[in-house]
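Here is the structure we will look at, set down as C-alpha cells.
What follows draws every value from the coordinates through simple rules; no lab data is involved. Predicted, not measured: the structure shown is a model, and the values here were computed from it. Cβ coordinates were reconstructed from backbone atoms using ideal geometry, including for glycine residues, and neighbour counts include every protein chain displayed.
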Amino acid sequence: MIPELGYISLTIALGLSILLCIYPLWGAYTNNLRLMRAAPALAIGQCVFVFISYAALVYASLTDDFTLVYVASNSSSSLPWYYKITSTWGGHEGAMLLWLVMQAGWTAIVSIASQSLPWPLRARVLGVLGFLGVGFMFYTLLMSSPFESLLPYYPVEGHDLNPLLQDPGMIIHPPLLYMGYVGLSVTFSFAIAALLTGKLDNTWAKWSRPWTIAAWLFLTLGITLGSWWAYSELGWGGWWFWDPVENASLMPWLIATALIHSLAATEKRGVFKSWTVLLAIAGFSFSLLGTFIVRSGVLVSVHAFTTDPGRGIFILGFLAIVVGGSLALYAMRASAVNSAGRYRLFSREVALWLNNILLCVATLIVMLGTLLPLVHKELGMGSISIGEPFFNEMFSYLLVPFAFALGVAPLLRWKQNKFNTLKNKLSLIALISIVITASWLYSSYDVVSLMTFIAVLLAIWVTISTIFDIVEKATKQTSILVGLKQLTTSYWAMVSGHFGFACVVMGIALTSAYSVERDVRMLPGETVTLNEYVYRFDGIKEIVGANYTGHAAVVSIYNNGEKVTELHAEKRRYNVGMQFMTEAAIDASLGRDLYVALGEQLSNGAWALRIYHKPYIRWMWLGGLIISFAGLLILLDKRYRGTTKASQKTKDTNESSQPATSDEVSS
C-alpha cells in the first residue's frame, strides 16, 4: 500500500507541476495577478507530494519491501539502516527520485524566499522551474519509476547495495552534488525570466547571485567529498582520475565559478550582462549534460548508473528542448542589451573577464576529453582513449594565466588603474613569492622540477598578493583593527576563495611530485622502509561487520624508532552479493598521509601490500573546504538576507500598478 501511495503522490505532483508551468507564465503574459499568485501554492504543493513519494521509497527500503524491483535490486535485510536509506539513491530510479526531491525543494524555497520580487518576475521564475519539474517527473514516471512491483513473485532477500556505495562519504556525496546540479536550475530560471521580461539589469544579477552561490557551494562540497571518497575507498591512492562521471560534475562547477564572478561584475558595474545570462544558461545545460552522461550509459564509468539507451534518448531530447529553446530566446533578446559600464585594460573588469574566459576554456577541454571518444566511436573511426595525461597537460597550460590573474585581481580597482603603481606592487609581490618558494622547496627536497616550482610559486603568489591587499586596505584606517572590521563579508569571501585555491594548487603540486608508492610481498614480522618510515607487517586478523566478513592486515609504522601508528587495511567480502572490497587504512596529517592497501594472499603465508607516502595531500581537501566557506560567507552577507525595504517597496509599487483583472473584480 505504501509503494502505491508513493506512485500516486508522484502523479499528483506531476499534475501540480503542469499547473505551475502553465498558470504563472500565462498570468505574467496576460497580466493576470490572480494566476500569478497561484504559483507559490502550486510550488509548495508539488514539493509536499514529491516528499511523500520519496518517503514511501525510504519506508519500503527500511522495511525490506522486496516486492519492489528497486528495493530488491539495491538493498538487503542485513544492510545497516543508514545504508538502507543510502540505497534509495544508490540505483538509477532512486537517484532520479532524489533529483526530483531536490528540484521540488528548490522550487518551494524560491517560492517562499522570493516574496520581495515583482509578481511578473516571480511568476516567470516559478513557471520555468515548473516546466523543468514536468520534464523530470514525466521521465521518472514513464521510464524510471522506483515503484515498479515484482508481485506476485518476489525474492525473500535483496541483492544488496553496491559495496562501493557502502561508505560514509556516499551518504552525503550524491545529495550534495544533486543540490548543486538542481540549484543551477534556479539561476537558469532567473535568466530565462529576465529574458522573457527583457530586463537584464543589475537588479536581476543581485536577485540571482545568492541562488548561484548556494548551488556552487553544494557543488564544491560534493566534488571535494567525491575526491576524498575516491582516495580513501578505491584503495589505489588516487584522488582524481578524470572519470566521465567526475568530469560530469566538474563541468557545471567550472561554469558556475565563472558565473559568480560575472554576476559580481554585472551587479556592481553593469557590465557583461548578456555574457552573464549565457553563463547561467550554460551552467544548467552542463548539469543536464552530466545527467545524460551518467544516466544514459553512453560512457563507461565505475559509478555510472544505467546502460538503458531509451532513457538516454529521453534525457537527450529534454536536453535539446531546454538548451535549444533557451539559446533561441537568448538570441532574440540578448542582442538588445547594452552594458552600461566602461573600463580600461588595467581594471578589475578585465581581470574578471580573463577569469571567465579561462574557466570556459577549461570546461570545453573537459567536455572534449569526455565526449570525443564517444563521437569518434559513433562515427565508425574506432575507439580512442583520452585519459589523465591529456587533462593534466592542458590544465597545466591554463594554470599559469589563471593563477596570475587571481593574484592580480585583488589589487585592481574598478574601471581603471595606474600602471606604474600596479607595476611596483606586483614586482614586490613577485620577488617575495620567488624567495619563499625557492627557500622552502630547495631546503625540503633534493630535486625540484620546473613544473613543481612554477605551481608552488603560483600558489604562494596568490597567497601573498591577497595578504598584501588585506594589509593595504586595513592600513588605510586609523588602526589596523578598525580597518579589518570595516572589510565586508563579500571581501572576506573573496579572500577565502583565493586562499582555498592556493591550498588546492599547493596540495596537487607537492603530492604529484613527491608521492612514493611500493607494491611489496610481506610475511608476518617483515619490515619495509619508505621515506624514513618503517612499515612492519604484524599479521592478519579476521573481521566481522554487519553484512560482511573478511580479514585485515595489521601494519605498525615507526619513525626514528618510535611507533607512529597502527593501521588495519581490510579486504571485505559482502555476504549477500559475495563481492570483495578493499578498505585502505590511512594515517592522516596536514604534512603527509601514510596509506596502506591490502592485496591478495600469496604463497607461503605472504601477502601483497601496497604502501604509499603522500605529502600534503590533505591540503587539497582543506582547500576545497576553504573555497566552500567563501560561498557561505557570501550567503551570510546582509544584502542577500531577508526582504529589504527597498525591494519590498518596489514589489508593492509593481502590484499597485497592476490593473485589476475581471476575476479580481468579481471576487
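Summarising the label geometry, the points placed 7 Å from Cα in the beta-carbon direction at I434 and D446 lie 2.8 nm from one another. Shown for D65, D243, D519: other C-beta atoms within 10 Å of each C-beta, ranked fewest to most, produce the order D519, D243, D65.
The value of relative contact order for region 516-616, using C-alpha pairs under 8 Å at least six residues apart, is 25 percent. The mean sequence separation of alpha-carbon pairs under 8 Å and at least six residues apart, normalised by the residue count of the chain, gives a relative contact order of 13 percent.
One compactness figure for region 516-616 is 1.09, namely its Cα radius of gyration divided by 2.2 N^0.38 Å. With +1 on each Lys and Arg Cβ and -1 on each Asp and Glu Cβ, how big is the dipole of region 516-616 about its Cα centre, in debye rounded to the nearest 20? In total the dipole reaches around 180 debye. Selection among V504, M332, F537 by position relative to the dipole of the chain gives M332 as farthest towards the positive end (Cβ unit charges, Cα centre).
Summary value for region 418-514: 31 percent relative contact order, contacts being C-alpha pairs under 8 angstrom separated by 6+ residues.
Label sites at S149 and K541, each approximated as a point 7 angstrom past Cα along Cα to Cβ, lie 5.0 nm apart.
Pop the C-beta distance of L329 and W26 into the FRET formula with R0 = 22 Å and round what comes out to the nearest 0.05. After rounding to 0.05, the efficiency reads 0.80. Pick out, from M1, L117, L16, the residue whose Cα sits farthest towards the positive end of the charge dipole of the chain, with +1 on the Cβ of Lys and Arg and -1 on the Cβ of Asp and Glu. Farthest along the dipole direction, towards plus: L117.
Using the Cβ-Cβ distance between R521 and V156 with R0 set to 41 Å, the FRET efficiency works out to roughly 0.40. The Cα-based radius of gyration and maximum Cα-Cα distance (Dmax) for the chain are 27.2, 92 Å. The trypsin sites (Lys or Arg not before Pro) found in region 385-450 that occupy coil by DSSP, while having at most 13 further C-beta atoms within 10 Å, are R413, K418.
Look at the dipole of region 355-512 built from charges on Cβ: of I434, N424, L398, the Cα furthest out on the positive end belongs to N424.
Treating only the Cβ atoms of Lys and Arg (+1) and Asp and Glu (-1) as charged, compute the dipole magnitude of the chain about its Cα centre; round to the nearest 20 debye. Intermediate results must be reported in sequence, preceding the final value.
Numbers: 44 positive and 39 negative charges, 685 e Å.
Using only the charged Cβ atoms, the result is roughly 3280 debye.
Summing Cβ point charges (Lys, Arg +1; Asp, Glu -1) relative to the Cα centre of region 510-567 gives a dipole of roughly 60 debye.
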